[in-house]
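Only one structure is covered here, and it is reproduced in the block below.
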Amino acid sequence: MKYRTLIKGTVVLIALAIIVAGCSKDEPTPEELQSLSFNTEQVLAKVPDGLKNSDDPQAEMCYGFIESAMDWSGFIDAMEVPDDAVKVSKKSSLAGADTWRWTWYEHGGQVITLYWTYDEDNTKRYWTMEIQYGSGPRYDFIEAWETKDGTQGEVIYNFEWAAIYSGEPIEEYEYYYWRYSWTLDNSGAYHFQFGIDSYNAEYEYGFYYEVVINADGSGTVDYYVYDELVYAMTWDAFGNGTWEYYLGGELYMSGTWEAG
C-alpha cells in the first residue's frame, strides 16, 4: 500500500543522524531561532483520563484517532535547526528572511542538505524548508506559519522529495501533501485538522481527521476516508462517549462507551 510504504520511508529518513555542516559566527545562533509554539502534548493533556484509560475498543479507537491526528513530532523535530548549522544568503521571497543550512547523509553516502528559512510580519511567523540531493535542485519540503499569539497555524509537508529519495516517478508525488492546521477559539477549544492528499483526482484527501478538544476536555473526532465520513465520535469531560460508524455514506452501527 503506497501510504504505508511512504510513511515507513519517512520514518527512516527522519531517523537519519543529522551531520554537522559547519560553524557560523553570525547571530542569532541556532538555539535562539524561533520555533513553532504549538505543543501537541499540552493539547493531548486536556483529554480526560477516563477516555485514555477506558478498555472499551471504541474508546481506544477514539483516542487512537486523536493521537494519530496529532502525531507530527517527527516533522517538528525535522524543523529544529542543529547547533552547528550554517547561516547562508537568503533563498526566499520573504523580505529580511534568514536562511540556515545543514546536511543529512544517506546510508550510501549521498549528501542530503536542508535549507531552513524564517520570517515574520506584524501578526504571523513563517517557516520554509527545502531539501537538496547532492548538487541538484532544491525541492519544497515544509511550509509552516502560525499567528504570534499561537491561536492559529498550519504546517504543510510536500512529499515530492520522497520520489527523488526512493527513485520512483516524481509525477506520483508532485502534489502529495500532508496538511496540519489548528485554531484555538475564544472558548478555549482547540480545532485540529490533519489530512493526507489523495492520489485519485476524484478525492481531495486519502484520509482526513477533524478533532475538537474543548476547554473542559470533552470533544469530538470525525474520521474520513476518500472524503467520506467513516467514524464520528464524541466524549464528555469525564471520558464517557458515543460512536457512529458509517458505510457507503449511511449510518451502519453506533454505540456508547464508559470512562475507564
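Note on segment 109-143: residues that are farther than 14 Å from V81 by Cβ and of a type in the set (A, V, I, L, M) amount to 3.
Scoring I76 on the criteria (1) out of contact with any helix residue (DSSP H, G or I) (no Cβ under 7 Å at 6 or more places or on another chain); (2) more than 21 Å from G217 (Cβ to Cβ); (3) assigned to a loop (DSSP other than H, G, I, E, B) leaves a single failure, condition (3).
Against the criterion of being in contact (Cβ under 8 Å) with a residue 24 or more places away in the chain and not hydrophobic (A, V, I, L, M, F, W, C), E80 qualifies. Any chance segment 112-128 includes a residue that's among the basic types (K, R), touching a Leu at 6+ places or on another chain (Cβ under 9 Å) and either at pLDDT 80 or above or on the phi < 0 side of the Ramachandran plot (or both)? Scanning segment 112-128 turns up at least one residue that is among the basic types (K, R), touching a Leu at 6+ places or on another chain (Cβ under 9 Å) and either at pLDDT 80 or above or on the phi < 0 side of the Ramachandran plot (or both).
Residue-level check: of (1) under 21 Å from M253 (Cβ atoms); (2) crowded, with 18+ Cβ neighbours inside 10 Å, S198 misses just (1). For segment 200-229, a residue qualifies if it is among the acidic types (D, E) and either touching a Cys at 6+ places or on another chain (Cβ under 8 Å) or not in a loop (DSSP other than H, G, I, E, B) (or both), and the qualifying residues are E210, D222, E228. Take F238 and tell me if it is surrounded by 15 or more Cβ atoms within 10 Å (Cβ to Cβ), part of a loop (DSSP other than H, G, I, E, B) and modelled with pLDDT of 85 or more. The answer is yes for F238. If the condition is being at pLDDT below 75, buried (at least 16 other Cβ atoms within 10 Å of the Cβ) and assigned to a strand (DSSP E or B), then segment 97-111 contributes only W104.
Across segment 138-191, what is the total count of residues that are modelled with pLDDT of 80 or more and closer than 22 Å to T128 by Cβ?
28
Candidates are the residues of segment 54-73 that are outside any loop (DSSP other than H, G, I, E, B) and of a type in the set (F, W, Y); the one that is nearest to the chain's Cα centre (by Cα) is F65. If you filter segment 22-67 down to residues that are within 18 Å of Y180 (Cβ to Cβ) and of a type in the set (D, E), you find that the one that is modelled with the highest pLDDT is E67.
Given the residues K91, K87, which is the only one that is at pLDDT below 70 and either over 14 Å from L33 (Cα atoms) or surrounded by 16 or more Cβ atoms within 10 Å (Cβ to Cβ) (or both)? Walk me through it before giving the result.
On the way: K87 fails: at pLDDT below 70.
Every option except K91 fails the conditions.
The values are calculated or read from the model by the stated rules, or taken from the named source; none is laboratory data. What you see is a predicted model, and the numbers here were worked out from it, not measured in a lab. All Cβ positions, glycine included, derive from the backbone under ideal geometry; neighbour counts span all protein chains shown.
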